[in-house]
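To keep things clear, I will list the structure first and then write my remarks on it.
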Amino acid sequence: MMAHPSQFEVKRVDRLWHVFSPEGESLTSGYSNRKSADNKRRRLLGLEVRPDVSKLKPSAQITRKCLCCPTHFTSEGPHNRLCPCCASSVSRMDPRMI
């Protein structure tokens, strides 16, 4: 059974951020920023970790045509081929339909 996300905590100890188990045990050696520690917490829970769009190369952020509709949108990179509207409708579908 997967632990509930709120059971894993991200806390700062000295100068580093750590992910702690529900029992209070540190599961990481430490991260210099909270976002990295929170991404690790999400990976431990099996949740999706999205790339930080602000750190992508400008060349990766280009205008693309959506594969599902005629809309043009600013893509996060080569992995992003659906506009936000189509991507949200696909994520709401029953996985057996995809």
Worksheet entry | Dimensionless Rg/Rh of segment 5-44 - Kirkwood Rh, Rg from C-alpha atoms | 0.91
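How would you rank 21-29, 66-74, 81-89, highest first, on the average number of other Cβ atoms within 10 Å across their residues?
Working: 21-29: 10.7, 66-74: 12.8, 81-89: 14.8.
Going from most to least packed, we get 81-89, 66-74, 21-29.
Read-outs throughout are calculated quantities, based only on the coordinates presented, and are distinct from any laboratory measurement. Model, not experiment: these values are computed from the prediction. Please note: Cβ atoms are built from the backbone with ideal geometry, for glycine as well, and neighbour counts cover all protein chains shown.
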